[in-house]
Amino acid sequence: MGGPVSPQKIGRHISLTCENNGDIMTDATSQSGPMLAADGTPLKKSLARALRMQKTRALMLIAPLLVFVLVSFIFPIGKMLFKSVENDIVVETIPLTVAELQNWDAESGALPDEALYAAFVSDMVVAINAKRHTRLGTRLNYEHTGMSSLFRKSGRKIKKLDPATDGPFKEQLIAIDKKWGDVTTWAVIKTHSVKITNGYFLNAIDMQRTPEGAQAQPEDKRILIKLFQRTLFMSLMITVSCILLGYPVAWLLANLPSRTANILMILVLLPFWTSLLVRTSAWKVMLQQQGVINEVLVWIGLVADDARLVMINNQFGTIVAMTHILLPFMILPMYSVMQTIQPTYLRAAKSMGATNWTAFWRVYFPLSVPGIGAGSILVFILAIGYYITPEIVGGTKGVFISNRIAYHISSSLNWGLAAALGTILLGVVLLLYWCYDKIVGIDNVKLG
Amino acid sequence: MAALTPISRKPMSLVLPTVAAAGGFFGLFIGTSNGSGIMGVLIGALMAVVGAVLYIFVLKNEKLGKGLTIALYGALGFWFGGLAAAIVGLLYGWFIQWFSYWLYEGRYRARLLPYLTPGQVLWHYSFRVICGAIFTFLITPILVVMPLSFNAQDFFTFTPEMLRLDPAGYSLKHYQDFFTNNEWQRSFKNSLIIAPIATVISVSLGTLAAIGLSQSHVPGRRAIMAIMISPMIVPLIISATGMFFFYSDIGNWLEGTLGMNKTFVGYVKVVLAHAVLGIPFVIITVTATLVGFDRSLTRAAANMGANPVTTFFRVQMPLILPGVISGGLFAFITSFDEVVVVLFVGSASQKTLPWQMFTGLREQISPTILAVATILVGISILLLATVELLRRRSERLRGMSPS
């Protein structure tokens, strides 16, 4: 970028203008002072203009796509990431209450005073008329079970109150539901009344935001850390099995005569090109209890008919199916690295007295490590964010963090938590991607 | 390596035990399925050894031995388990006879370097067997789906009729279901609408951008490249989540403010979302093609008075076309195969084929899925062949020798 202009380009610029002005060479040599281009402008300026034009033209070609990707991909993801800290629903729904809550000390153990209850009732009446109070209840329910029903039930009765005339409200509210007389309720509202919250991220790592600061979730609610661990563990298992299965195949393909290798390559590329759902359904057909593998095992008598192997809806099924699906992504980079290793190196090592194993381990293997690295990172990145295959063959034991994200988006509607989980996942992937860029370079990504 | 190694006959002490082991191994499977594994191993080994001894000492005629063995094992198979077993028997007979001679005549040495030790020879062939097993692992699931899709019953496994190769066990009813069922037809049609349009968008924008990126002075090339490749890097579930929020806002705006048709807006949303996902593939393949493109050709065209547009369409485009088309095929298969994003962004009227398969696999599992899978495998074989042809053509055009 901004480097020296190549001679041809200067030549072109000059040759296009020299028709009008006669022979440029004599012009340039007869001048004293700054060198001039054919049209009389200083050459330096003219070159800079040519360079600028070139840059503009390149950018004009790139611009439509760049804008398209930025608007419809980068921006939505940024917005989604922001959802993981965004929390203005409390402030927007009950603004007066939030302002009053600032004067109340949650740790004193005393209930808030009448002013707050009055503010709350007037907030709620507005919110109930706009039908927004249930949304607030749902939001607070993520943090403290029971809030959703509290808001829904109390809503019907608070609606009948008139904020201007019916006070004082403290006793009335506590009569409607005794939870309003509970310090915890108000503490929860106060804790989550900030506009930018770290609550979702704390939830994502099995902690919660409490008046006393971040604390661990109760034992029975800690599932996400376990799920992250399982995702990492299974992705690692898949990567390792891909290395073990991919390395011999890549070695064979790189060392066979190219005609044979091309034919065998079809066996690698065909799964690569086959629809993901076809392969997933094929594994469902293979692995299930009445499936092909079990039938064959029963038929040849290795497994009793009533003791069929359970190979699906668990971690085993997910690992097998995903290893199969991601194996081409391991073989292809390994193959392209191994192709560049000269077979003469091995022979040279052996001629100097190395055993087969030493020649492989000390000469060939170190040269093939870049291929393993590239393939492993690629497979790991792909595995860690997989959704479809674990959803179909994973059951409950073999699902990944992505399945949890999908659950929170489409079923539990806790979008903030989904966004926080997504942010963490994206962070891990980008870190790995950065490593991949350092090792392989984005420009060297090849397909097919 | 050419066949330079002189071969010689091997002693019986090597041939007989190895042949016995092979026979025993196959006998084990037949034995366990008929009640007794040990008997199977013994009978299998014995038959293989007797066969080998017969070929070597009695018949002394390879062709005759082959015919007899194949016929014998085929007949045995037919007697035990009908037509399918007969085919297994024929194959096994061919194998065991070939294997005996391969060992006895020392043919296994013919294609190897003369100085290899027996251990190295053994490793050489064990390695091939291991690789063969891995290739089997890669290809079996795809192959298994195909015959199962012709199942006459609604099972996901081979029925006894199918194993007996009884024509009554096979039918085209799942294909018939696919071509007559409204749900499947509508989703197939949706896929055929969405994927080509998304491909056209990503190919046209992507090719332009790749040409821009390949110019010599692009400020911030790495950053731009990273942004454009990001749809391939970001896990689909995250892209889908982001697009879910974004396109529901966009959809509301288009429907509410501009008053557009709901179905039409739905298609626009899915098409745009898929177009973004296809872009990295186009960028990567076209950039790779442009690396070998000779810039002096465009200069020559300009020199002879062509304007940039003419130069692009008459000089540059024909040369980079193979790369553009294979990028387009990648984009097409990305969209055609995509399910996570459409699941989040689309509504029921944009249900695509993969989406239908996904719900089919999760809920009412129907063997029609296998028929669809077979059709899709056919499509992917076609695409694979096209990409390979294009790659060779592109290398020829650029003056490289195709590998």
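The values are calculated or read from the model by the stated rules, or taken from the named source; none is laboratory data. The structure presented is a predicted model; accordingly, all values stated were derived computationally and were not measured. Methodologically, a virtual Cβ is constructed for each residue, glycine included, from the backbone with ideal geometry; neighbour enumeration extends over all protein chains shown.
Looking only at the range A:218-242, how many residues end up being closer than 20 Å to A:V320 by Cβ and surrounded by fewer than 16 Cβ atoms within 10 Å (Cβ to Cβ)?
Qualifying residue count, the range A:218-242: 3.
One line per residue, one yes/no per condition, for (1) closer than 29 Å to B:A331 by Cβ; (2) surrounded by fewer than 20 Cβ atoms within 10 Å (Cβ to Cβ); (3) in contact (Cβ under 8 Å) with a residue 12 or more places away in the chain:
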| site | (1), (2), (3) |
| --- | --- |
| B:I142 | yes, no, yes |
| B:F158 | no, yes, no |
| B:H174 | no, no, yes |
| B:R186 | yes, yes, yes |
| B:T199 | yes, no, yes |
| B:L205 | yes, no, yes |
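Of the residues B:G132, B:G93, which is more than 30 Å from A:I325 (Cβ to Cβ) and either of a type outside the set (F, W, Y) or assigned to a helix (DSSP H, G or I) (or both)?
Only one candidate passes the filter, namely B:G93.
What number of residues within the range B:93-139 are modelled with pLDDT of 90 or more and touching a His at 6+ places or on another chain (Cβ under 9 Å)?
Summing the residues that are modelled with pLDDT of 90 or more and touching a His at 6+ places or on another chain (Cβ under 9 Å) in the range B:93-139 gives 2.
Going through the range A:195-223 one residue at a time, which ones are aliphatic (A, V, I, L, M) and touching a helix residue (DSSP H, G or I) at 6+ places or on another chain (Cβ under 8 Å)?
Answer for the range A:195-223, where residues must be aliphatic (A, V, I, L, M) and touching a helix residue (DSSP H, G or I) at 6+ places or on another chain (Cβ under 8 Å): A:A204, A:I205, A:A214.
Looking at the range A:314-325, can you tell me whether even one residue there is outside any helix (DSSP H, G or I), touching a residue at least 24 places away in the same chain (Cβ under 8 Å), more than 20 Å from A:Y247 (Cβ to Cβ) and not aromatic (F, W, Y)?
yes
For a quick check of your reading: which helices (runs of 4 or more DSSP H) sit entirely within the range B:306-403 and have at least 1 residues that are within 21 Å of the chain's Cα centre (by Cα) and modelled with pLDDT under 90?
B:317-336, B:353-362, B:368-397
If you take the residues of the range A:281-297 that are facing chain B (nearest Cβ under 7 Å) and in a helix (DSSP H, G or I), which of them is farthest from B:F330 (Cα to Cα)?
A:E295
Would you pick out the residues in the range A:94-132 that are over 22 Å from A:T165 (Cα atoms) and among the charged types (D, E, K, R)?
A:D105, A:E107, A:K131, A:R132
Scanning the range B:210-229 for residues that are in a helix (DSSP H, G or I) and more than 7 Å from chain A (Cβ to nearest Cβ), which turns out farthest from A:L66 (Cα to Cα)?
Selected residue: B:R222.
Select, from B:S100, B:S36, B:S13, the only residue that is touching a helix residue (DSSP H, G or I) at 6+ places or on another chain (Cβ under 7 Å) and polar (S, T, N, Q).
B:S100
Which residue pairs have Cβ atoms closer than 8 Å, lie 6 or more positions apart in sequence or on different chains, and pair a first residue in the range B:97-114 that is assigned to a loop (DSSP other than H, G, I, E, B) with a second residue that is at pLDDT below 85 and among the hydroxyl-bearing types (S, T, Y)?
From residues that are assigned to a loop (DSSP other than H, G, I, E, B), the pairs are B:G106/B:S8; B:A110/B:T5; B:R111/B:T5; B:L112/B:T5; B:L113/B:T5; B:P114/B:T5.
With the condition being free of Cβ contacts under 8 Å to residues at least 12 places away in the same chain, I'd like the helices (runs of 4 or more DSSP H) fully within the range A:347-415 carrying at least 2 qualifying residues.
Because the criterion is at least 2 residues that are free of Cβ contacts under 8 Å to residues at least 12 places away in the same chain, the helices (runs of 4 or more DSSP H) in the range A:347-415 that meet it are A:365-384, A:401-410.
Here are some residues: A:L111, A:L51, A:L81, A:L96. Which one is at pLDDT 80 or above, in contact with a helix residue (DSSP H, G or I) (Cβ under 7 Å, 6 or more places away or on another chain) and within 13 Å of another protein chain (Cβ to nearest Cβ)?
Exactly one residue qualifies, and that residue is A:L81.
Pairs, please: C-beta under 7 Å, at least 6 apart or cross-chain, first residue under 18 Å from B:G77 (Cβ atoms) and in the range B:17-38, second part of a loop (DSSP other than H, G, I, E, B)?
If the second residue must be part of a loop (DSSP other than H, G, I, E, B), the pairs left are B:F29/A:I300; B:T32/A:I300; B:T32/A:G301; B:T32/A:L302; B:S33/A:I300; B:S33/A:G301.
Scan the range B:361-378 residue by residue and report those that are more than 8 Å from chain A (Cβ to nearest Cβ) and free of Cβ contacts under 8 Å to residues at least 60 places away in the same chain.
If the condition is that a residue be more than 8 Å from chain A (Cβ to nearest Cβ) and free of Cβ contacts under 8 Å to residues at least 60 places away in the same chain, then B:E363, B:Q364, B:G378 are the ones that fit.
Is it fair to say B:I130 is surrounded by fewer than 17 Cβ atoms within 10 Å (Cβ to Cβ), of a type in the set (A, V, I, L, M) and away from every other protein chain (no Cβ under 13 Å)?
no
Would you confirm whether any residue within the range A:298-312 is under 28 Å from A:I266 (Cα atoms), in a helix (DSSP H, G or I) and away from chain B (no Cβ under 12 Å)?
For the range A:298-312, residues under 28 Å from A:I266 (Cα atoms), in a helix (DSSP H, G or I) and away from chain B (no Cβ under 12 Å): absent.
Where the second residue is outside any helix (DSSP H, G or I) and of a type outside the set (K, R) and the first is free of Cβ contacts under 8 Å to residues at least 60 places away in the same chain and buried (at least 19 other Cβ atoms within 10 Å of the Cβ) and lies in the range B:46-57, which pairs have Cβ atoms under 9 Å and are six or more apart or on separate chains?
Taking only residues 6 or more apart or on different chains, the pairs are B:Y55/B:N61.
Restricting attention to the range A:88-110, which residues are surrounded by fewer than 17 Cβ atoms within 10 Å (Cβ to Cβ) and under 15 Å from A:W180 (Cβ atoms)?
Of everything in the range A:88-110, just one residue is surrounded by fewer than 17 Cβ atoms within 10 Å (Cβ to Cβ) and under 15 Å from A:W180 (Cβ atoms), namely A:A110.
Name the residues in the range B:264-301 that are under 27 Å from B:I233 (Cα atoms) and among the aromatic types (F, W, Y), would you?
If the condition is that a residue be under 27 Å from B:I233 (Cα atoms) and among the aromatic types (F, W, Y), then B:Y267, B:F281 are the ones that fit.
Within the range B:144-176, track down each residue that is closer than 26 Å to A:L332 by Cβ and either within 9 Å of chain A (Cβ to nearest Cβ) or touching a strand residue (DSSP E or B) at 6+ places or on another chain (Cβ under 9 Å) (or both).
Correct list: B:V144, B:V145.
Looking at B:L64, B:L68, B:L76, can you tell me which residue is crowded, with 17+ Cβ neighbours inside 10 Å and over 26 Å from B:P167 (Cα atoms)?
B:L68
Kindly indicate which of A:P257, A:P248 is free of Cβ contacts under 8 Å to residues at least 24 places away in the same chain and either exposed (fewer than 15 other Cβ atoms within 10 Å of the Cβ) or more than 9 Å from chain B (Cβ to nearest Cβ) (or both).
A:P257
Counting just the residues of the range A:178-207 that are of a type in the set (S, T, N, Q) and crowded, with 19+ Cβ neighbours inside 10 Å, which one comes out nearest to A:A110 (Cα to Cα)? Show your work before the answer.
We begin by selecting, within the range A:178-207, every residue of a type in the set (S, T, N, Q); these are A:184-185, A:191, A:193, A:197-198, A:203.
This time we only want the ones that are crowded, with 19+ Cβ neighbours inside 10 Å, so: A:185, A:191, A:193, A:197, A:203.
On the way: A:T185: 12, A:T191: 16, A:S193: 19, A:T197: 25, A:N203: 28 Å.
It comes out as A:T185.
Condition check ((1) crowded, with 18+ Cβ neighbours inside 10 Å; (2) over 25 Å from A:V440 (Cα atoms)) across all residues:
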| residue | (1), (2) |
| --- | --- |
| B:M225 | yes, no |
| B:M228 | yes, no |
| B:I233 | yes, no |
| B:F244 | yes, yes |
| B:Y247 | yes, yes |
| B:G259 | no, yes |
| B:G266 | yes, yes |
| B:K269 | yes, yes |
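Can you name every residue in the range A:326-375 that is within 19 Å of A:S258 (Cα to Cα), touching a Pro at 6+ places or on another chain (Cβ under 6 Å) and small (G, A, S)?
none
Could you figure out which of (1) surrounded by fewer than 14 Cβ atoms within 10 Å (Cβ to Cβ); (2) within 43 Å of the chain's Cα centre (by Cα) isn't true of A:A175?
(2)
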